[in-house]
Amino acid sequence: MRWLINQDLSCCEIDEHLVFLDLALDRYFRLSPPLESAMRAYLASGTLARHQREALERSGIVIAYAPECATMPDLPAPTASAIESPSMAMPRTGPSVLAEVAATVWGTRRRLRRDPFRSVIDKALTGRAPRPSGSCMTSHRALEEATLQFIRARRYVPIAPCCLLDSLALFRFLARRRLPARIVFGVTLLPFAAHCWLQAGGTILNETLSDAGAHTPVRII
């Protein structure tokens with residue numbers, strides 16, 4: 001019988017500790033020392049002793065005959081931030097964009113409050129923009145301009161800023177323009193904190209380099 005990591009889980013290592021994100025249950029967590037030891041053994045060898053497998057199975061970490069766990073997409077370490085780019089001036093935003101951003105933010109907040117987190121993510125991904133086939137430079141410029149347009153309009157929406165809400169709303173805003181981006185979930189320890197942002201290639205779109213760099217990516221989708 002084959003045992004595979006639950007496909008809703010992803011993990012990263014920070015300060016010699018494994019930190020997990022469970023998309024289905026919308027939670028971050030760490031394992032007890034015995035379970036973490038078993039998990040490290042599995043990650044190193046791909047095999048589990050029976051008592052280790054049973055413990056991880058009871059905790060929902062591994063499941064039998066699961067689909068292959070999605071690997072972390074290969075995303076380069078960020079080297080630039082759209083909101084910190086000295087060559088990018090904040091664009092003017094017309095009434096139509098203001099209305100679109102407001103509707104997108106309100107709609108995203110409603111879905112986050114009403115629907116399971118995994119279904120919100122899955123729905124967002126169904127509208128993911130395809131990878132561009134034209135000039136990469138043109139696409140990159142368009143991504144930065146659209147991001148700054150969204151950020152300017154977002155200031156007029158009377159909802160408190162929230163990294164998850166704003167990243168998902170920006171993702172949908174870009175997808176309508178067929179501009180692709182990745183959603184990055186990151187974590188820190190001592191104290192624990194979770195954060196998310198959008199990234200395209202080596203450019204962070206809606207966060208600063210320093211704030212994103214303070215978090216270790218735990219899942220990229």
(request) Apply 1/(1 + (r/R0)^6) to the Cβ-Cβ distance of D26 and R141, taking R0 = 35 Å, and write down the FRET efficiency to the nearest 0.05. (result) 0.50
(message) I want to verify a result. In a Gaussian network model of the chain, Cα cutoff 10 Å, which of these has the top mean-square fluctuation: R92, R53, R178?
(response) R92
(request) Rounded to the nearest 500, what is the 222 nm mean residue ellipticity of the chain from helices alone, with -39500 (n - 2.57) per DSSP H run of 4+ residues and division by all residues? (result) -13000 deg cm²/dmol
(message) How much accessible area per residue does the chain have, counting only protein heavy atoms and a probe of 1.4 Å, in square angstrom?
(response) 53
(message) Once the cut-off is 28 Å, how many percent of the Cα-Cα pairs in the chain end up in the long-distance tail?
(response) 36
(request) For the range 77-221, with all protein chains present and a 1.4 Å probe, just round the carbon and sulfur fraction of the accessible area to a whole percent. (result) 58
(request) Kindly provide the Kirkwood hydrodynamic radius of the range 152-207 in Å, to one decimal, from all pairs of distinct alpha carbon atoms. (result) 12.3
(request) Work out the charge dipole of the range 81-122 with +1 on the Cβ of Lys and Arg and -1 on the Cβ of Asp and Glu about the Cα centre, then indicate which of P95, G107, S85 is farthest towards its positive end. (result) G107
(message) 7 Å from Cα along Cα→Cβ at both R113 and R40: what's the point-to-point distance in nm?
(response) 4.4
(request) Along Cα→Cβ, 7 Å out, is where each label goes; now give me the distance between the ones at A160 and A77 in nm to one decimal. (result) 3.5
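The values are calculated or read from the model by the stated rules, or taken from the named source; none is laboratory data. None of these values were measured; they are calculated from a predicted model. Positions of Cβ are generated from backbone atoms using ideal geometry, with glycine treated the same way; all protein chains shown enter the neighbour counts. These area figures cover heavy atoms from the full protein model, side chains too; ligands, DNA and RNA do not enter into them. Shrake-Rupley method; radii C 1.70, N 1.55, O 1.52, S 1.80 Å.
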